Ligand SMILES: [Zn+2]
């Protein structure tokens, strides 16, 4: 792994390598970008380059520092992330502060990567702010976040912002083909991955992905006719898919979006382009207003589940409401 392997983030890489070259490394960074675009990969690559004993602008991968970071056992590099599935708590920040009080053991810097920094509780963020305001000379703190508006402005203003791009479908497809994924699957996954290479690679590792996806699309196609008992039966299966990390909502959203796009004759943009014929049959079932309402409904359901509303209940309500839309 080197900066060359960070896909599609040339601008961000250039900024960080310039800083490495001139020695003007900041104490605090904020890497911003959607889930899976490579924030953590870039943060670790930067961290290795800061600590590498052989190379100043990149990582050599062979020295003790590079190897320890790759094995997550470098004493001067720490990763913080959400606990209990939800937030970064003040105790985690206090632990960071206690650790930061000691000088580096092996390197000239201590690096802390805070993943999902936009999930810090207000207490955690306020506590971190004190460290950001007066960091020791050797500290580098890298916050990773998807959304700027979920962070305290005072925290943002203390960090150098590095923006990561959403990848194009072509960039993702190319990478999938390189890793040996077949053309048809690479094509489809690159469309579903929504700009996230991380997600694309995850999907490509799921051997049942194509079959699961077909079964979900078949369910959506048959939804207007499905009886209530069958619908209840399907909910359990959908819940277990969400729990396994399957991008259920993204797939369902892509389907209804596709029907709108198909209606507008813009077939290049379709995600499920291999289901063209079936889309045609759905055109007569929903009006555009229905489809827009369905998309809002799916987004809301996803939001409720993120807020810990019971998954089976939320999905039942969603599917019943979509079924009720078969109005034409
Ligand atoms: Zn090295």
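Since every read-out is calculated from the coordinates, none of them should be taken as a lab result. Just so you know, these numbers come straight off a predicted model, no measurement behind them. Quick reminder, even Gly has a Cβ in these numbers, built from the backbone with ideal geometry, and neighbours come from all protein chains shown.
Summary table below
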| item | result |
| --- | --- |
| Within segment 40-73, considering residues that are outside any helix (DSSP H, G or I) and more than 11 Å from the ligand (Cβ to nearest atom), the one surrounded by the most Cβ atoms within 10 Å (Cβ to Cβ) | 57 |
| Single condition residue 84 does not satisfy, out of (1) more than 24 Å from residue 12 (Cβ to Cβ); (2) within 22 Å of the chain's Cα centre (by Cα); (3) in contact (Cβ under 8 Å) with a residue 24 or more places away in the chain | (3) |
| Long-range neighbours under 9 Å by Cβ, at least six apart or interchain, first residue at positive phi within segment 46-63, second more than 7 Å from the ligand (Cβ to nearest atom) and not in a loop (DSSP other than H, G, I, E, B) | 61/67; 61/70 |
| Test: residue in segment 319-326 that is in contact with a helix residue (DSSP H, G or I) (Cβ under 8 Å, 6 or more places away or on another chain), farther than 30 Å from residue 86 by Cβ, without any contact (Cβ under 8 Å) to a residue 40 or more places away in the chain and surrounded by fewer than 16 Cβ atoms within 10 Å (Cβ to Cβ) | no |
| Residue under evaluation residue 25, criteria (1) in contact (Cβ under 8 Å) with a residue 24 or more places away in the chain; (2) within 30 Å of residue 171 (Cα to Cα); (3) surrounded by 18 or more Cβ atoms within 10 Å (Cβ to Cβ), criterion not met | (3) |
| Residue that is nearest to the ligand (Cβ to nearest atom) [pool: residues in segment 7-39 that are part of a helix (DSSP H, G or I) and in contact with a strand residue (DSSP E or B) (Cβ under 9 Å, 6 or more places away or on another chain)] | 16 |
| Evaluation of residue 79 against (1) away from the ligand (no atom under 13 Å from the Cβ); (2) surrounded by fewer than 18 Cβ atoms within 10 Å (Cβ to Cβ); (3) more than 25 Å from the chain's Cα centre (by Cα) (one fails), failing number | (3) |
| Every pair of residues 6+ apart whose Cβ atoms lie under 6 Å, when the first sits in segment 173-191 and is touching a residue at least 24 places away in the same chain (Cβ under 8 Å) while the second is part of a loop (DSSP other than H, G, I, E, B) | 175/7; 191/271 |
| Evaluation of residue 281 against (1) in contact (Cβ under 8 Å) with a residue 60 or more places away in the chain; (2) within 19 Å of residue 320 (Cβ to Cβ); (3) exposed (fewer than 12 other Cβ atoms within 10 Å of the Cβ) (one fails), failing number | (2) |
